[in-house]
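Remarks on the structure that follows.
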Amino acid sequence: MSKINTPKPVRGTQDIFGPEQEAFGHVIDTFERVRRLYNFKRAEMPVFEPTAVFARSLGETTDVVSKEMYSFDDRSGDSLTLRPEFTAGIVRAYLTNGWQQHAPLKLATHGPLFRYERPQKGRYRQFHQIDAEILGAGEPAADVELLVMADQLLKELGIDDGVTLHLNTLGDPESRAAWREALVTHFEKYRGDLSEDSQTRLDVNPLRILDSKDPRDRPIVDEAPIIDDSLTDEARTFFDKVTAGLDAASVAWTRNARLVRGFDYYRHTAFEFITDRLGAQGTVLGGGRYDGLVEALGGPHTPSVGWAAGIERLAMLVGEKEAPVVDAVVIPLGEAAEMAASGIIADLRRNGITADMAYRGNMKKRMKKANDAGARFAVIIGDDELASGKAAVKDLSTGTQVEVPLDEIARKVSHVQ
């Protein structure tokens, strides 16, 4: 009989379990708590969209569109793409569902995304992000609110130490056009010295050269003109209001005049929270203002701003977390006791008490399970206890044991918590 080979996971995917999953879940739970504090509404979008949603919004020249998207034709011949990021899908939903009536609309979501890139530490081909967006808000106060929210999230996760907010402005359309022209003039002088990718970008999107990590490009990029020389008075005032708002909210920031975002739809504020704890790939949260995206997808002018963060990378900074402590472990001894224990454990859980059952092994092994779970109580029930209508409730922190009527166990356990 031939041996059946066990299937392996697809490269760039992962199975998450144990302490790693606890850290992963902790990031999501903290994000959900913080987004409620800021009154962001939850939204869910499809995991795949028409390819045009991403091609038109992210820009045909971005690496995500040209190299990294998982696109396929379905049985009807329509081109679909697994979402590589959230913002474009959120904007599509905003337009097709008439959510404009709620503007300014604060939305938050999280879930899996897909990009075909080289897997590395904290980066996968199926990865997960948390995401927050404000659509229909052109005021600098919206940028400030999102940045303060991100800062609070990192603090509540306990990973803000060694994380720095890098901030830049990409200006309004007039500023960006002038900056683009200045960059083209600069990079053209060194075209032959640029990397192949940057030579291509010079013809289609020269701002992307500023984001190049190729060592051949870095000396040329370091000498490139910065946005400040091209800013209009309006764009400069907008950025000044953002930084003043951050100062008022006691959010520390540093100016990075060469910071750009990877997609074509960004305007004005661009930012990244960068850590020194994850090696060269140090960005843990990033985003900015994308005032032109809704128009790119056929909608009216709708100034918007948002950010996203990789859950895996945040979880790596959080570190492994142990499973939540169990309040009580029920230990039934005998078949009749197991039936009664089902009712007891259901009653405990309905009263908000975390409970588990140890129904395998001898008494010593069952008590070990209770101790290993970090339980405060062991609820022991056998034939004698059933006959008396009571169970033995042992406080594992003190070793004391008392008999408690079956219908009062939940009250006894919750009273001592």
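Laboratory data are not the source of any read-out in this text; all were calculated from the coordinates shown. Note that the structure is predicted; figures quoted are calculated from it, not measured. Reconstructed Cβ throughout: ideal geometry from the backbone, glycine too, with neighbour counts over all protein chains shown.
Within the listed set 25, 382, 306, the Gaussian network model of the chain (springs between alpha-carbon atoms below 10 Å) gives the highest mean-square fluctuation for 382.
Our estimate of slack between residue 73 and residue 203, defined as 0.36 nm per intervening residue step minus the Cα-Cα distance, is 43.8 nm. Converting phi to 3J(HN,Hα) with the Karplus coefficients 6.51, -1.76 and 1.60 and the offset θ = phi - 60°, the range 322-339 yields 6, 4, x, 5, 8, 6, 8, 10, 8, 10, x, 10, x, 4, 4, 5, 5, 5 Hz in sequence order, with x at every glycine or proline. Within the listed set 143, 233, 384, the Gaussian network model of the chain (springs between alpha-carbon atoms below 10 Å) gives the highest mean-square fluctuation for 384.
Summarising the label geometry, the points placed 7 Å from Cα in the beta-carbon direction at residue 349 and residue 323 lie 1.4 nm from one another.
Relative to the present Cα-Cα distance, how much length would full extension add between residue 196 and residue 414 at 0.36 nm per residue of separation? Walk me through the numbers on the way to the answer.
Values: separation 218, 0.36 × 218 = 78.48 nm, distance 6.64 nm.
Taking residue 196 through residue 414 to full extension adds about 71.8 nm, to one decimal.
Model label sites at residue 123 and residue 41, defined 7 Å from Cα along the beta-carbon direction, differ in position by 3.5 nm. Annotation: for a label point projected 7 angstrom from Cα along Cα→Cβ of residue 283, residues of the range 19-60 with backbone N closer than 16 Å are 58-59. Dipole of the chain computed with +1 at Lys/Arg Cβ and -1 at Asp/Glu Cβ about the Cα centre; of 179, 341, 283, farthest Cα towards the positive end is 341.
Between residue 359 and residue 403, the modelled labels are 2.6 nm apart [label points 7 Å from Cα along Cα→Cβ]. Compute the acute angle (0 to 90°) between the alpha-carbon long axis of helix 173-188 and the principal axis of greatest extent of the alpha-carbon atoms of the chain; round to the nearest 10°. Its long axis makes an angle of about 70 degrees. Please identify, among 211, 383, 78, the residue showing maximal mean-square fluctuation in a Gaussian network model of the chain using a 10 angstrom Cα cutoff. Comparing 211, 383, 78 in the GNM, the peak value goes to 383.
Charges on Cβ only, +1 for Lys and Arg, -1 for Asp and Glu, centred on the Cα centroid of the chain; of 101, 195, 4, which one is farthest towards the dipole's positive end? Final value for the positive-end residue is 4. Under 13 Å from a point placed 7 Å out from the Cα of residue 96 along the Cα-to-Cβ direction: which residues of the range 281-306 have their backbone N that close? No residues fall inside that zone.
For 146, 406, which order do you get if you count the other beta carbons within 10 Å of each Cβ and list the fewest first?
On the way: 146 25, 406 18.
Least crowded to most crowded, the residues run 406, 146.
Across the range 12-18, computed HN-Hα scalar couplings (Karplus, 6.51 cos²θ - 1.76 cosθ + 1.60, θ = phi - 60°) run x, 10, 8, 10, 10, 7, x Hz from first to last residue, x flagging Gly and Pro.
Treat the count of other C-beta atoms within 10 Å as a stand-in for reagent exposure and order 220, 159 from fewest to most.
On the way: 220 19, 159 22.
So the ranking, lowest neighbour count to highest, is 220, 159.
Note on percent of Cα pairs over 35 Å apart: of the candidates [x] 38; [y] 21; [z] 43, the value calculated from this structure sits at [z].
Give, rounded to the nearest 20 debye, the magnitude of the charge dipole that the chain has about its Cα centre when Lys and Arg contribute +1 at Cβ and Asp and Glu contribute -1 at Cβ.
Numbers: 52 positive and 64 negative charges, 236 e Å.
Roughly 1140 debye for the chain.
Within the range 270-328, report the GluC sites (Glu not before Pro) that DSSP leaves as loop and that have at most 16 other Cβ atoms within 10 Å.
Details: sites: 272, 295, 312, 320, 322; in loops: 320, 322.
The qualifying sites are 320, 322.
From a point 7 Å beyond the Cα of residue 226 in the direction of its Cβ, which residues of the range 237-254 have a backbone N at a distance under 20 Å? Only 237-247, 252-254 fall inside the zone, counting backbone N under 20 Å.
For a quick check: sort 125, 267, 11 by the number of other beta carbons within 10 angstrom, fewest at the front.
Details: 125 19, 267 24, 11 9.
The fewest-first ordering by Cβ neighbours comes to 11, 125, 267.
For the range 349-417, trypsin sites (Lys or Arg not before Pro) are listed when DSSP marks them as loop and at most 10 other Cβ atoms sit within 10 Å of their Cβ; the list is 360.
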